[in-house]
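One structure is given here, and the rest of the page talks about it.
The values are calculated or read from the model by the stated rules, or taken from the named source; none is laboratory data. Predicted model only: the values in this text are computed from it and were never measured. Cβ coordinates were reconstructed from backbone atoms using ideal geometry, including for glycine residues, and neighbour counts include every protein chain displayed.
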Amino acid sequence: MSACENVTPAILESSNSLGLKPRVLAAPLSQLKLRPPKEEQVRGEQHSVLQQPASAGKRWRVAAIWRALGKVRAAKKTPHVVHVKVDELFASVEQVLNPNLRGKPVLVGRGVVASASCEAKLHGAKTGTNLVDAVHLCPTAIVVPGQYEHYAEFAERVRHILETYTPAVETASLDDFYLDFSGSARLHAEFEGTLRRLQAEVLGRTGLHVSVGAARSKVVASTASRLERSCGLRIVQPGTEGTFLAPLSVEKLQGVGHAHAVALAEQGITTIGQLRRIPKPVLAAAFGDEIGEQIWECTRGFDRRESSLASASVSRATTIEDGTVDRDLLSGSLEYLSARIGVALRERGKQAGTIGVRVRFVDHSGAQQTARLASPTNDEHELLIAAKELFAEVAAQGVAVRQVGVSAANLAGERREHETFDADARRRKYLNREEHRAPGRRYGWDAVLQGS
């Protein structure tokens with residue numbers, strides 16, 4: 001009997017004691033050429049030890065764990081919150097719709113400038129100023145009254161493009177979007193390239209420029225995107241938020257308006273770094289508990305707001321830079337916000353039982369009001385009627401409105417046609433569905449209108 005045959009029973013017995021299955025060899029041991037490990041070679045006689053099949057599996061598991069840890073480390077080093085801001089949405093859409101306006105200064109609004117193109121801003125005209133003053137600053141400006149239904153359509157196009165990069169897209173206002181890339185680990189290696197490709201795709205498919213900022217929180221990401229406008233890209237690496245924010249003007253910080261900046265400048269505070277040194281109680285005493293705490297957190301890059309992919313409500317909002325008191329503009333804003341909510345509800349197969357209106361003023365005060373609807377609906381016309389009633393209650397006369405938002409809550413499944421006994425309601429439902437399906441919808445929200 002050879003040495004190999006002597007050692008085989010011992011190997012099988014030890015394998016069974018460890019819970020391993022013995023290998024069944026297809027040929028006799030005497031015909032196998034076993035290569036013993038170097039450490040097992042003994043002078044005068046060579047003993048061969050069968051390799052355990054678990055060794056390769058163990059190495060594979062270690063490699064897999066190492067790769068997983070690498071992805072976790074990469075995710076921690078990558079800012080996962082991305083803010084996308086459409087540059088001068090209203091004016092840019094007008095230039096896209098009318099090629100004759102491209103490259104020329106454009107002002108959108110009635111009485112007050114709702115949007116100014118980059119060319120107009122170079123002459124000092126800006127959003128929120130009186131239209132007469134803006135034209136005085138930029139005599140060559142072309143003034144257009146505004147086609148707000150088209151602006152909403154282009155904003156939806158941008159949103160659909162963003163959703164191809166990550167499903168977690170939150171609409172903050174008509175031209176403001178937050179993206180959450182925390183669940184897209186495969187993009188971490190080419191994060192900057194992905195964001196530049198996003199900008200190029202939006203420009204190629206809509207003709208609009210977007211500015212992008214990336215950070216660990218919404219407040220830092222939005223500050224970065226607005227700092228790099230127009231068509232800029234700024235990535236704030238985790239751990240560098242304080243260095244990034246410190247030298248910036250306090251007006252660059254989200255939540256600090258012009259009036260607050262003037263009050264701070266009177267005290268010699270002009271940068272975010274200087275503002276960060278003020279204790280929280282002092283800020284609360286100067287600006288109120290809510291705003292004081294918000295400013296204190298923002299100076300440190302904190303943000304309690306979280307992105308949410310799945311929500312029990314649907315909301316849309318639009319921000320008017322520097323505010324406006326133009327009732328026609330505000331009424332038009334409510335109209336397309338209600339239309340967008342109606343479309344979003346119908347796409348989800350939901351109906352809203354409650355509607356709310358939120359208003360923020362230029363002095364950073366705010367008001368909101370909600371009301372329960374007589375019956376759940378996703379009809380944009382019914383939503384608009386309720387929204388206008390609420391807006392009349394919350395909008396203070398004489399105070400410029402900076403942001404207006406409409407929300408729908410208490411969502412329930414859409415009722416089937418035979419469950420709706422109101423003939424008029426069934427008719428409007430059919431009209432809304434066909435209007436949304438109509439090919440003309442892609443040419444603007446007013447391409448297809450309902451008749452009387």
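Just name the residue that is surrounded by the fewest Cβ atoms within 10 Å (Cβ to Cβ) out of those in region 123-144 that are farther than 25 Å from Gln403 by Cα and free of Cβ contacts under 8 Å to residues at least 40 places away in the same chain.
Across region 123-144, the extreme among qualifying residues is Pro139.
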Quiz item: Name the pairs whose Cβ atoms lie under 9 Å apart, with the first residue in region 296-308 and in the same structural domain as Asp180 (by TED's automatic domain parsing) and farther than 21 Å from Thr240 by Cβ, the second surrounded by fewer than 20 Cβ atoms within 10 Å (Cβ to Cβ) and modelled with pLDDT under 75, and 6 or more positions between them or separate chains?
Solution: none
Quiz item: Does region 145-163 hold any residues that are without any contact (Cβ under 8 Å) to a residue 12 or more places away in the chain and not in a helix (DSSP H, G or I), and which are they?
Solution: Glu163
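Do any helices (runs of 4 or more DSSP H) lying entirely in region 179-298 carry at least 1 residues that are surrounded by 14 or more Cβ atoms within 10 Å (Cβ to Cβ) and in contact with a strand residue (DSSP E or B) (Cβ under 7 Å, 6 or more places away or on another chain), and which ones are they?
In region 179-298, the matching helices (runs of 4 or more DSSP H) lie at 191-206, 218-227, 241-245.
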Quiz item: If you go through region 108-142, how many residues are in contact with a Cys (Cβ under 7 Å, 6 or more places away or on another chain), farther than 15 Å from Val93 by Cβ and either hydrophobic (A, V, I, L, M, F, W, C) or not assigned by TED's automatic domain parsing to the domain that holds Ser92 (or both)?
Solution: 1
Practice problem: Name every residue in region 253-264 that is without any contact (Cβ under 8 Å) to a residue 24 or more places away in the chain and touching a helix residue (DSSP H, G or I) at 6+ places or on another chain (Cβ under 8 Å), in order of residue number. | Solution: Ala261, Ala263, Leu264
Exercise. From (1) crowded, with 16+ Cβ neighbours inside 10 Å; (2) farther than 26 Å from Glu290 by Cα; (3) of a type outside the set (Val, Ile, Thr), pick out the condition that doesn't hold for Ser375.
Key: (1)
Exercise. Being modelled with pLDDT of 85 or more and either under 20 Å from Val406 (Cα atoms) or not assigned by TED's automatic domain parsing to the domain that holds Ala215 (or both) is the filter; apply it to region 161-184 and report the residue that is farthest from the chain's Cα centre (by Cα).
Key: Asp175
Quiz item: Are any residues in region 299-314 modelled with pLDDT of 80 or more and touching a strand residue (DSSP E or B) at 6+ places or on another chain (Cβ under 9 Å), and if so, which ones?
Solution: Gly301, Val314
Practice problem: Considering each residue of region 344-354, count those that are buried (at least 21 other Cβ atoms within 10 Å of the Cβ) and either within 24 Å of His150 (Cα to Cα) or assigned by TED's automatic domain parsing to the domain that holds Tyr148 (or both), and give that number. | Solution: 1
